[in-house]
Amino acid sequence: MVKYKKQIRIALRNCGFINPENVDEYIVREGYAALGNALTNMTPEEVIDVIKNSGLRGRGGGGFPTGLKWELTRKVDADQKYVVCNADEGDPGAFMDRSILEGDPHTVLEAMAINGYCTGASKGLIYIRAEYPLAIKRLKIAIDQAREYGLLGEDIFGTNFSFDVELRYGAGAFVCGEETALIHSMEGLRGEPTVKPPFPSESGYKGMPTNVNNVETYANIPVILLKGADWFSSIGTEKSKGTKVFALAGKVNNVGLIEVPMGTTLREVIFDIGGGIKDGKKFKAVQTGGPSGGCLTENHLDISIDYDNLIASGSMMGSGGMIVMDEDDCMVSMAKFYLDFTVEESCGKCSPCRIGNKRLYEMLDTITQGKGTLEDLSKLRNLANVVKDTSLCGLGQTSPNPVLSTMDNFLDEYMAHVKDGKCPSGQCKALMSYIINADACVGCTLCARVCPVDAISGEKKMAHLIDDDACIKCGACMDKCKFGAIFIQ
Amino acid sequence: MTKHLKDYNMADIKLPENKIQELKDVCASFNHDSGDLIHVLHAAQNIFGYLPAEVQELVANELNVSVAHVYGVVTFYSFFSMIPKGKHPISVCMGTACYVRGAEKVLDEFKRLLSVKVGETTPDGSFSVSCLRCVGACGLAPVVTVGEKVYGRVSPEDVKGIIAEYK
């Protein structure tokens, strides 16, 4: 099937194939072989060279070269260094990290130990969302089993290398996915980001050099060491190597996790693997990169997916959420939805993000109420650019992307809201009315009975009428009408 | 001067003695290290169900940090609540995938049937309604959780039945 043919599983190689609560099953599939080989046959520099040559870039969204990050942490002199795994998967619509942690926890532990060997750290910390109880349970089991087998702890594989891993829990703050905020949260503080430099590789957890990588990045490491940098770099595009896991969701027929080589086109992902749009509707947009990303259109379907192409198109890779939207989705509402998220999740430390996003949200709200003006549109774009340019951390620097990308690609929808007072997708409640077609209505009274606010009046067997002022636009009447007599205008 | 818990008369303390001891034991298990504040607060919320001012004061005292510091952390993270949740906490996922597949209508139906707003608890204390940011079950969108139980592909018509299960 095409659905499977186009996929290559590297990060997800073991998910669903092994019992994640049994270390033996991981070991049978070459688990911990990369760590053993690195510790006994390779110097830390050699391992870092392999990672560098593989071209692996951070899968959390930033796309920073992983080998380079490791080297930077290695070069700093310190008594104690830390290896951190960022498992604070906060992007709504992304769940690849959860799947890896639940399906293959040992691969993360193995990669963290390899990282510890390379950077000179003896302690690993996994910062994981409290919303993922099963992943936490499986990680705890995995850590215990690895300790029992001597794969974590003192003198691993009979060498003098010691490494252990502990869990740290998040508490529901999206901004903690940003590495400096994450480190503060691990220290028991409010998860507010700080200006970089200093980068965590110089001064991170407890002021010590800290290497932070994302779950999916780690899941690639053992395979790269086993199969070699050349093998890995043969997959993908010139600047983005290997595969990427995407969480395909929204209005497509096949939802779920997919892993495809970098360079696959959006069309292949949505139509070949995703099986096209649900209920035979028309494709409208695909949102990548979560609240930091943008909405791409029909015109972008044939670009090949990699870090740089997505940024050039006004979106970004992000952690790999991919939400497909059809003709019924209103792009202004979509931008408003993301801004609502950002306003809620902004930590409030810097004013562009704290105040700017709130104002952006209010402007979008005005537009979806049909009260926006053309001037609002230019103000919206202006402010979005200011927030983007002046915010302290990645959250604020990318939060206007959903606004800017929808304005670039769907300006006609904004214009329809502002100039005609209409929502072309019929999603903005304030801009639509439910109307009863008097010719089709037989006066069965069903609609009047289901209306929660008694906005429908009419005698039995006579055409009914909806009082638009009282109507809350819940749509219950339309759902219930057996004669198709109710429509939206 | 900060009024510490030890300065209170026993009559001032509304918390049950056995739970206070349980929380103190938790703090001791973390060596009273303020770096583990978030872990301690998770445990405290498990013990008491929420984090009222008295609990925060107790934690501050045990970890030797100011109450303001604890309050700052509690109010920063959405997982911590200073209001008691209902016996059956209902959370509607408002992640993008759920939103696109109609989570808002599901949420509206819960609000309507229980006559509460988001973040509120019914007067009899049995249900509370809140929004969640993605539980990572986007394939099942829209998703609702009641306590530990997850409901997938929920439609507004299912809401009545879900509530009835807990009545």
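May I ask you to say which residue of A:Glu166, A:Glu216 is buried (at least 24 other Cβ atoms within 10 Å of the Cβ), under 25 Å from A:Ala38 (Cβ atoms) and within 14 Å of another protein chain (Cβ to nearest Cβ)?
A:Glu216
A:Ala142 fails exactly one of the following numbered conditions: (1) within 19 Å of A:Gly207 (Cα to Cα); (2) part of a helix (DSSP H, G or I); (3) in contact with a His (Cβ under 7 Å, 6 or more places away or on another chain). What is the number of that condition?
(1)
Go over the candidates B:Val129, B:Val74 one by one and state the one that is outside any loop (DSSP other than H, G, I, E, B) and farther than 26 Å from A:Val453 by Cα.
B:Val74
For segment A:371-401, what are the residues that are assigned to a loop (DSSP other than H, G, I, E, B) and either touching a strand residue (DSSP E or B) at 6+ places or on another chain (Cβ under 6 Å) or buried (at least 17 other Cβ atoms within 10 Å of the Cβ) (or both)? Steps first, please.
Initial filter on segment A:371-401 (assigned to a loop (DSSP other than H, G, I, E, B)): A:371-373, A:391-393, A:399-400.
Hits for segment A:371-401 are A:Gly372, A:Ser391, A:Leu392, A:Cys393, A:Ser399, A:Pro400.
Please state which one of A:Ile51, A:Ile126 is crowded, with 24+ Cβ neighbours inside 10 Å, in contact (Cβ under 8 Å) with a residue 40 or more places away in the chain and either under 30 Å from B:Leu132 (Cβ atoms) or within 21 Å of the chain's Cα centre (by Cα) (or both).
Sole residue among the options that is crowded, with 24+ Cβ neighbours inside 10 Å, in contact (Cβ under 8 Å) with a residue 40 or more places away in the chain and either under 30 Å from B:Leu132 (Cβ atoms) or within 21 Å of the chain's Cα centre (by Cα) (or both): A:Ile126.
Just the residues that are surrounded by 22 or more Cβ atoms within 10 Å (Cβ to Cβ) and among the aliphatic types (A, V, I, L, M), please, taken from segment A:329-362.
A:Met331, A:Val332, A:Met334, A:Ala335, A:Leu339, A:Leu360
Can you go through A:Leu39, A:Leu35 and tell me which one is in contact with a Ser or Thr (Cβ under 7 Å, 6 or more places away or on another chain) and among the aliphatic types (A, V, I, L, M)?
Checking each option against the conditions leaves just A:Leu39.
Enumerate the pairs (first residue in segment B:128-154 and among the hydroxyl-bearing types (Ser, Thr, Tyr); second residue anywhere and assigned to a helix (DSSP H, G or I)) with beta-carbon separation below 8 Å, excluding pairs fewer than 6 apart on the same chain, so at least 6 apart or on different chains.
Note: pairs meeting the criteria are B:Tyr151/B:Asp158; B:Tyr151/B:Ile162.
Hey, could you check segment A:373-399 for residues that are closer than 18 Å to A:Gly62 by Cα and among the hydrophobic types (A, V, I, L, M, F, W, C) and say which is farthest from the chain's Cα centre (by Cα)?
Among residues in segment A:373-399 that are closer than 18 Å to A:Gly62 by Cα and among the hydrophobic types (A, V, I, L, M, F, W, C), the one farthest from the chain's Cα centre (by Cα) is A:Leu392.
Select from segment B:100-126 the residues that are free of Cβ contacts under 8 Å to residues at least 40 places away in the same chain and at the interface with chain A (Cβ under 10 Å from one of its Cβ atoms) and write down the one among them that is nearest to A:Pro452 (Cα to Cα).
Filtering first and then ranking leaves B:Arg112.
Given the options A:Asp77, A:Asp91, name the one that is acidic (Asp, Glu) and either surrounded by 24 or more Cβ atoms within 10 Å (Cβ to Cβ) or not assigned by TED's automatic domain parsing to the domain that holds A:Arg138 (or both).
A:Asp91
Looking at (1) crowded, with 22+ Cβ neighbours inside 10 Å; (2) at pLDDT 95 or above; (3) within 21 Å of B:Ala103 (Cβ to Cβ), can you tell me which one A:Ile277 breaks?
(1)
Rundown of residues vs (1) more than 23 Å from the chain's Cα centre (by Cα); (2) not small (Gly, Ala, Ser), yes/no style:
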{"site": "A:Lys75", "(1), (2)": "yes, yes"}
{"site": "A:Asp79", "(1), (2)": "yes, yes"}
{"site": "A:Ser99", "(1), (2)": "no, no"}
{"site": "A:Val108", "(1), (2)": "no, yes"}
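With the requirement that a residue be modelled with pLDDT of 95 or more, surrounded by 17 or more Cβ atoms within 10 Å (Cβ to Cβ) and away from chain A (no Cβ under 11 Å), what does segment B:29-50 give you?
Once the filter is applied, which keeps residues that are modelled with pLDDT of 95 or more, surrounded by 17 or more Cβ atoms within 10 Å (Cβ to Cβ) and away from chain A (no Cβ under 11 Å), segment B:29-50 yields only B:Ala44.
The values are calculated or read from the model by the stated rules, or taken from the named source; none is laboratory data. The model shown is predicted, which means the values in this text are computed figures rather than measured ones. Every residue, glycine among them, receives a Cβ derived from its backbone with ideal geometry; neighbour counts consider all protein chains shown.
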